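The values are calculated or read from the model by the stated rules, or taken from the named source; none is laboratory data. Computed from a prediction, not measured in an experiment: that's the story for all the values here. Glycine gets a Cβ as well: all are built from the backbone with ideal geometry, and neighbour counts include every protein chain shown.
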Amino acid sequence: MLKRLTLLLASALAVPAAAQFLPPAPTATPVASATSAPVAEASPDSPRSALFEYFQLCRRGRYGDAARYLDLPPGREGEGPALARKLKHVLDQKLWVDLEAISPLPGGSLDDGLPSETEQIGTIPGPSGRADAVRLVRRKQAEGPEWLFARSTVLRVPGWYALLEGRWLLDHLPDPLMRPGPKELLWAQWIVLLGLLIPAGLLGRLLGWLSQKALLLVARRTPARWDEVLVNRLLGPFALAWTLTLLSFGSSYLGLYPPAERFFSQLMKAGLIALVFWTLIRIVAGSGEVAARSQWALTNPAAHSILVLWVRMGEVVVIILGALAAGSAAGLPINSLLAGVGIGGLGIALAAQKTLENVFGSISIGVDQPFHVGDTVRVGDISGTVETLGLRSTRIRTLERTVVTIPNGKLADREIETFGVRDRSRLSTVICVVYGTTAAQIREIVSGIEAVLKAHPKFSPDPVFVRFLGFGESSLNIEVMAWFETNDFGEIRNIRQDVYLAIMEVVERAGSSFAYPTRTLYLAKDLPPGTLPAPDKVS
């Protein structure tokens, strides 16, 4: 059934379009066409004008009027409309006429070696296999001289017509379907062509699915995993590739004349451009997915935001290149377009300067990675935990549970202190004991605090600094310095509390106490000359 349907559709598409009525293509080599531009420059009674009028009448289905351009044998005038229609189909399929090559002069070409007032427009293979000439002759009519298809040409029309492909459809399809529609394709061809898109698309999707499954079997046998990720994303491009292949294979049965064939080639080229850049977009997205599964991305929480940015930028670049390629294929002036894009891009860059600054700031942060999401940082006077690293800004949750949003452009230029990358956290304080504490008590306190720190499991045993710092204004100062083996702020607070309580116990066991911030005032009038106040006279 499918084979029979394919043959029927191919026969229908093999019917040539009844046009020969397009503007010339903007190429160095003229294509077969019949245009109004050459006619405007031609004499009204020239071969070019006669052919133009004939094609125009046939295009409108007015074969009776077109028959007046045939030099009919006597007694066969009634066959004129049928012969005019058959001759048009023969010319469409066997000889695409280039009106620019036809003489615009009333007397025709004078240097073609033919008799006067005779114009040859081409040759067509006849039933015998030899090339038969298609000629016009100038005849005197009541309204004046006029160029007609020569009688020898008219007599050969039935034989040529009998050799045409799809002749049964030409004879039995309604005449409106045999008239040209958009892009000079017959309406019947448009119907069949649009009807072919559905089965070609369905079959292309099936073949694309089968191709993907076959490639997945191969990809799963390799040690790498990137090929499997990419193949999983290429179902759509596979389906489009097979659809274009099926349509390209079917184009050999279309029997299109040059303008229609050029239109079909443009469609295929547009589909190929879409296929290439669709595949590139899928590859960019797949590469981002592969990178997201890498060890670097898994160990760097901020990598997700950076990868999303890179993938989006890559897709934008591919889309821009695809648009330029499509414009070039459509014949647009790409140089002018690029100049316009450059000027417009400059204006956009100036207008979006801050936005671009923040975007590039996020790229800088992503490359340098001064912090990750979840790290505790200090930026100027702001301290807190990084909650979100976006394309435009970074959000920090402060200790007061407020959220501070800092643009990435500014953040990239500021000093950032990151607590999350510390290998150890420092405990640093000064213990102040009262004057009157003896040297032996100081030594006992120093050794006791050092023992507490070295015995604690969350402190690094080396180095631990506990030293008598010196004599303060109102106290004897002991410096304490050690390093936590954790970066968890909550745990550090609990450990610090335990250590401070243990230090208080050490000072109490040594028989000393902590000093209050005090100041001693001496009143000279209350003291005998040359005497010093007692140490306990403190106010």
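Tally the residues that are surrounded by 16 or more Cβ atoms within 10 Å (Cβ to Cβ) and of a type in the set (F, W, Y), restricting the search to the range 207-235.
1
Could you count how many residues in the range 468-497 are touching a residue at least 12 places away in the same chain (Cβ under 8 Å) and either hydrophobic (A, V, I, L, M, F, W, C) or loosely packed, with under 13 Cβ neighbours inside 10 Å (or both)?
13
Checking D98 against (1) in contact (Cβ under 8 Å) with a residue 12 or more places away in the chain; (2) surrounded by fewer than 18 Cβ atoms within 10 Å (Cβ to Cβ); (3) not β-branched (V, I, T), which test does it fail?
(2)
Among the candidates E415, E444, E508, which residue alone is charged (D, E, K, R) and surrounded by 16 or more Cβ atoms within 10 Å (Cβ to Cβ)?
E444
Taking the options L87, L22, name whichever one is at pLDDT 85 or above and buried (at least 17 other Cβ atoms within 10 Å of the Cβ).
L87
Somewhere in the range 487-503, is a residue outside any loop (DSSP other than H, G, I, E, B), out of contact with any helix residue (DSSP H, G or I) (no Cβ under 7 Å at 6 or more places or on another chain), more than 30 Å from S383 (Cα to Cα) and modelled with pLDDT of 90 or more?
Checked against the condition, which is being outside any loop (DSSP other than H, G, I, E, B), out of contact with any helix residue (DSSP H, G or I) (no Cβ under 7 Å at 6 or more places or on another chain), more than 30 Å from S383 (Cα to Cα) and modelled with pLDDT of 90 or more, the range 487-503 yields no hits at all.
Okay, residues lined up against (1) within 22 Å of E79 (Cα to Cα); (2) loosely packed, with under 15 Cβ neighbours inside 10 Å; (3) at pLDDT 85 or above:
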position	(1), (2), (3)
V137	yes, no, yes
W147	yes, no, yes
A150	yes, no, yes
W168	yes, yes, no
L173	yes, no, no
R179	yes, no, no
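Could you list, in sequence order, all residues of the range 281-296 that are touching a residue at least 40 places away in the same chain (Cβ under 8 Å) and aliphatic (A, V, I, L, M)?
Passing the criteria: I283, A285, V290.
Is it the case, given these coordinates, that A260 is surrounded by 14 or more Cβ atoms within 10 Å (Cβ to Cβ), of a type in the set (A, V, I, L, M, F, W, C), touching a Leu at 6+ places or on another chain (Cβ under 6 Å) and at pLDDT below 85?
For A260, the condition - surrounded by 14 or more Cβ atoms within 10 Å (Cβ to Cβ), of a type in the set (A, V, I, L, M, F, W, C), touching a Leu at 6+ places or on another chain (Cβ under 6 Å) and at pLDDT below 85 - is met.
Listed residues V373, V379; which is in contact with a strand residue (DSSP E or B) (Cβ under 6 Å, 6 or more places away or on another chain), surrounded by 15 or more Cβ atoms within 10 Å (Cβ to Cβ), touching a residue at least 60 places away in the same chain (Cβ under 8 Å) and farther than 30 Å from F514 by Cβ?
Selected residue: V373, the only one of V373, V379 that is in contact with a strand residue (DSSP E or B) (Cβ under 6 Å, 6 or more places away or on another chain), surrounded by 15 or more Cβ atoms within 10 Å (Cβ to Cβ), touching a residue at least 60 places away in the same chain (Cβ under 8 Å) and farther than 30 Å from F514 by Cβ.
Would it be correct to say that D45 is of a type outside the set (S, T, Y), at pLDDT below 85, out of contact with any Ser or Thr (no Cβ under 7 Å at 6 or more places or on another chain) and under 17 Å from T123 (Cα atoms)?
No; evaluated as a whole, the condition is false for this residue.
Out of the residues in the range 28-42 that are more than 26 Å from A82 (Cα to Cα) and part of a loop (DSSP other than H, G, I, E, B), which is modelled with the highest pLDDT?
Filtering first and then ranking leaves A42.
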